[in-house]
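Single-structure report; data block below.
Values quoted throughout were computed directly from the atomic coordinates according to the rules given, and no laboratory measurement underlies them. Computed from a predicted model, the values in this text were never measured in an experiment. Here the Cβ positions follow ideal geometry from the backbone for every residue, glycine too, while neighbour counts run over all protein chains shown.
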């Protein structure tokens, strides 16, 4: 004799169907919930996409206006630089609503006309020579030279990445040693103009 399956769960709050018809209805309701959830997600994703697109357009417009204003101020400041900088004695000028200044250009590692393999080879040659010079300095008890040569060798080694490539950031950090590598120059970029509005003045601009 077949026994009747137990249909009630231990948790009284669970919606346990009591018949085939109730099970079929619950399956249909579950499908409807999943469909509504998918529709809600699609709407959510669509709204996010629209917001992101609108945000991107707005940010681009803000950036274009700021760039145009900064470029315009740079032209004005350049025309009046002699007066503003007191004949070149200062580079930072405080105005009523903010500061304009001329920053020194940033350094950049360049090796035009030379291949990376040539530069890495030159660095390895310098390290090899230092590996000879350091023991010689130690033998002559020139401790200061040993320290300086060891530091230079470690710095040069830092110029090389594990894949035997050039690390320009390391060269920028130690540009004086970087420039001793044949074929390498560390040049400063052009002077940069900057504008720094005062936060207290921003709210007063219409």
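Computed over the stretch 1-122, the P(r) tail beyond 24 angstrom holds 71 percent of alpha carbon pairs. Its residue count N sets the reference 2.2 N^0.38 Å, and the alpha-carbon radius of gyration of the stretch 114-206 equals 1.69 times that reference. Under the criterion of Cα pairs below 8 Å and six or more residues apart, the relative contact order for the chain equals 23 percent.
Expressed as an acute angle from 0 to 90° and rounded to the nearest 10, what is the orientation of the C-alpha long axis of helix 116-139 relative to the principal long axis of the chain? Orientation of helix 116-139: about 60 degrees from the principal axis. Between the Cα long axis of helix 20-79 and the first principal axis of the chain there is an angle of about 20°, rounded to the nearest 10. Under a crude label model (7 Å from the Cα following the beta-carbon direction), how far is residue 43 from residue 60 in nanometres? It works out to 3.0 nm between the two label points.
Using a Gaussian network model of the chain in which every pair of alpha carbons under 10 angstrom is joined by a spring, one finds that among 32, 157, 54 the greatest mean-square fluctuation is at 32. Seen against the Cα atoms of the chain and their longest principal axis, helix 143-158 is set at about 40 degrees. Treating each Cα of the stretch 16-79 as an identical point scatterer and summing with the Debye formula, the log10 of I(q)/I(0) at q = 0.12, 0.24, 0.25 Å⁻¹ comes to -0.59, -0.94, -0.96.
Its alpha carbons considered, the chain gives a radius of gyration followed by a Dmax of 34.8, 110 Å.
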